[in-house]
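Bear in mind that the values in this text are calculations on the coordinates, not laboratory data. If you're wondering where the values come from, they're calculated on a predicted model, not measured in any experiment. Glycine gets a Cβ as well: all are built from the backbone with ideal geometry, and neighbour counts include every protein chain shown.
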Amino acid sequence: MKKDNPPHSSARRRFLRQSAAAAAGFSALPLSWQAIAKSISSGRIPQQQPGYGELFPVADQATGLELLRLPKGFSYTSFSWAGDTMDDGNSVPGAADGMGVVKEEGDLLTLIRNHELTGRTPLAGNPDQAYDIFGGGTSTMVFNQASRKLEKSWLSLSGTIRNCAGGVTPWGTWLSCEESCYDPELAISTNWLRRLYWKSEGAKKTHGWVFEIPAEGVAKPEPLYDMGQFDHEACAVDPRDGSIYQTEDMKPNAGFYRFIPRQKEQLQAGGKLQMMRIPEQMDMRHSFAIGTEFSVEWVDIKDPRQGNTPGTHDTSGVVNQGLAAGGSAFMALEGCFYYQGQVFFTSKLGGAVHAGQVFAYDPGSEKLTLIFESPSHRVISGPDNIAISPRGNMVICEDHVTTVDKAQHLLALLDGGDYFYFCQINPDIRGEHNGHDLAETLPGSEWAGITFSADGHWMFANIYNPGITVAITGPWQDDLA
């Protein structure tokens, strides 16, 4: 956006109703995956573009620490660090992961953020409001765009396990996804290593579910069973029919799923779970030519609640049902985002060098297109959470899948297939805050939770470790789309 302080309007409130994550009211150039496919499949190699220019260390307006490297003219403020005290008296959990904007009223913007924690972290909050004994869940934050400060925050879901990513609904709630098919039987399993890892003694509930979190208050911890029990990553809602698309972070076999609710906006009423099938390509775990288009079908999952293959704790019960019915196997699926009639999702380990891929699915034509494959871990290493900016660019959170000598980036995938680096965790950071040694935690941390305000003035993201949320703003340019 070109204005420093764009006016707030009712368009921002309509934003959540029109799309789970991107507004029809955005004055943005659309991200055309057809253009990307045509450009790259014609033999052109994706090139790094200057974008907003060279990245420089920039001091955080809240702490004075140089946490990030950004282009000139951009600024940011950090808030809700792990260990801070929230308004309900609870400490902010760590492992800040997926996040979304669920409400905007005037200057106040509400975000809900996941915390990917296991039994190693004690249960936070009121045990009477918790789902189970684990340390995962969500926190809700109200950010004041005018003062650039956190207004209030609270724990909104607790007792869950490994809340990884999720997605915003068009009706203004957050879907928080568990990435673990834990079963209480593990607590008495002879597999003592798994018992030690989860610290699961005392657990009473099954896990591997999706939970719906309201914009205000604390969630009722009720699993959405029909959405499936598997290693969930992210989800995206098609506002036209209410279908919810879900990724599974599993290897060697992961599914891409569609949940068709019985009643739109009433997810507790249940529905049908299906897995994507590519008739001509049952194995989607390998490299393909960028621009390759596949025809899509769907197969039903007979028992969405069967997260583990009977007699095992393999966490593959749902994907194995899908494969047996003719579904196609992907590799370690991560981010998922709906935008202008398309559903985009990433494979963290896909491609010739296992550095990651980006796919686009068109529900109207039932076609799937590979729109990007990273040629090197030094370009994009492990694309994770994604969002489409109001300027029409796909912003990718990097989560290294191999050791490289650079801190991780937020990158923009441009219309045409090129890319640019927008932000980097400062690899030379030194200092301490809230008891966190930043030189030990930040440089190796992944990015997560990328999301935008409705007018595009603010970009929000999480630094997973130690657990920090940042709000970034500056001289956005529409012509970079």
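In percent, what relative contact order does the chain have, based on Cα pairs under 8 Å that are 6 or more apart in sequence?
Numbers: 1439 pairs, mean separation 88.2, N = 481.
Computed over the chain, the figure is 18 percent.
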Listed residues F288, L157, Q342: farthest to the positive end of the dipole of the chain (Cβ charges): Q342
Selection from T441, I133, A352, by position along the positive dipole direction of the chain (Cβ): A352
Whole-number percent relative contact order across the stretch 185-321, with pairs defined as alpha carbons under 8 Å at least 6 apart: 18 percent
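What value, in deg cm²/dmol to 500, does the helix sum -39500 (n - 2.57) over DSSP H runs of n ≥ 4 give at 222 nm once divided by the residues of the chain? Please report the intermediate quantities before stating the final value.
Details: 5 runs with 37 residues, N = 481.
Result for the chain: -2000 deg cm²/dmol, rounded to the nearest 500.
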Per residue Cα convex hull volume in Å³ - calculated over the stretch 41-163: 181 Å³
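Using Stokes-Einstein with the Kirkwood hydrodynamic radius over Cα pairs, what translational diffusion coefficient do you get for the stretch 72-127 at 20 °C and a viscosity of 1.002 mPa s, in µm²/s rounded to a whole number? Provide the component values of the computation, followed by the final result.
Numbers: Rh = 13.5 Å.
In µm²/s, the coefficient is 158.
Evaluate the charge dipole of the chain about its Cα centre and quote only its size in Debye, nearest 20, assuming +1 on the Cβ of each Lys and Arg and -1 on the Cβ of each Asp and Glu. Could the numbers behind the result be given before it?
Values: 39 positive and 56 negative charges, 105 e Å.
Value, rounded to 20: 500 debye.
What does the charge count around S139 come to, taking other residues whose C-beta lies under 13 Å from its C-beta (Lys +1, Arg +1, Asp -1, Glu -1)?
Values: positive: R113, K152; negative: D84, D87, D88, D97, E116.
Computed value for this residue: -3.
So which helices of the chain fit the span-like rule, where a helix is a whole DSSP H run, its Cα atoms reach 24 Å or more along the axis, and its mean Kyte-Doolittle is at least -1.0? The partial results should precede the final answer.
Details: long enough: none.
None pass (Cα extent of 24 Å or more, hydropathy at least -1.0).
Work out, in µm²/s and without decimals, the Stokes-Einstein translational diffusion coefficient of the stretch 382-481 at 20 °C, 1.002 mPa s, Rh from Kirkwood over C-alpha pairs.
Working: Rh = 14.2 Å.
For the chosen part, D equals 151 µm²/s.
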Cβ-defined net charge surrounding F211, 11 Å radius [Lys, Arg +1; Asp, Glu -1]: -2
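Please give the contour-minus-distance gain from D241 to I260: 0.36 nm per residue of separation, less the Cα-Cα distance, rounded to one decimal in nm.
Working: separation 19, 0.36 × 19 = 6.84 nm, distance 0.85 nm.
Length gained, D241 through I260: 6.0 nm.
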Above-threshold pairs, the threshold being 28 Å between Cα atoms, out of K220/K264; K251/K367; K205/K348; K103/K199; K205/K251; K152/K272: K205/K348; K103/K199; K152/K272
Mean separation of Cα contacts under 8 Å (6+ apart) over length of the stretch 243-314, as relative contact order %: 22 percent
log₁₀ of I(q)/I(0) at q = 0.21, 0.22 Å⁻¹ - the stretch 332-438, Debye sum with one point per alpha carbon: -1.09, -1.17
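So how strong a dipole does the stretch 253-361 carry about its Cα centre when Lys and Arg Cβ are +1 and Asp and Glu Cβ are -1, to the nearest 20 debye?
Values: 9 positive and 9 negative charges, 58 e Å.
Dipole magnitude for the stretch 253-361 comes out near 280 debye.
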Calculated from backbone phi, Karplus (6.51, -1.76, 1.60) coupling profile of the stretch 346-363 in Hz, x at Gly/Pro: 10, 10, 5, 10, x, x, 4, 10, 6, 9, x, 9, 10, 10, 10, 10, 10, x
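Using a Förster distance of 56 angstrom, determine the FRET efficiency expected from the C-beta separation of E366 and E185, and round it to 0.05. Intermediate results must be reported in sequence, preceding the final value.
Details: r = 40 Å, r/R0 = 0.71.
With R0 = 56 Å, the Cβ-Cβ based efficiency is 0.90.
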Dipole axis of the chain (+1 Lys, Arg; -1 Asp, Glu on Cβ), positive-most option in I463, S147, I260: I260
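Specify whether the C-alpha gyration tensor of the stretch 438-481 places it in the rounded, prolate or oblate class, a ≥ b ≥ c being the square roots of the eigenvalues: rounded for a/c under 1.5, otherwise prolate if a/b is larger than b/c and oblate if not. If you can, show how the numbers build up before the last one.
On the way: a/c = 2.95, a/b = 2.31, b/c = 1.28.
Prolate, since a/c reaches 1.5 and a/b exceeds b/c.
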Overall Cα dimensions of the chain - principal axes, largest extent first, Å: 58, 56, 45
Packing-based exposure ordering (other Cβ within 10 Å, fewest first) of L67, L123: L123, L67
Spread of Cα-to-Cα distances over 5 Å intervals beginning at zero, given as percent, for the stretch 117-222: 3, 13, 21, 22, 17, 11, 7, 4, 2, 1, 0, 0
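Two-decimal Rg/Rh of the stretch 272-421 from alpha-carbon positions, Kirkwood Rh? Provide the component values of the computation, followed by the final result.
On the way: Rg = 16.0 Å, Rh = 16.2 Å.
Expressed as Rg/Rh, it is 0.99.
Considering all alpha-carbon pairs of the stretch 231-340, what whole percent are spaced by more than 16 angstrom? Write down the numbers at each step before the final one.
On the way: 3640 of 5995 pairs.
When every Cα pair of the stretch 231-340 is considered, 61 percent fall beyond 16 Å.
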Net +/- balance of residues flanking C336 in space, Cβ distance below 13 Å, scoring K and R +1, D and E -1: -4
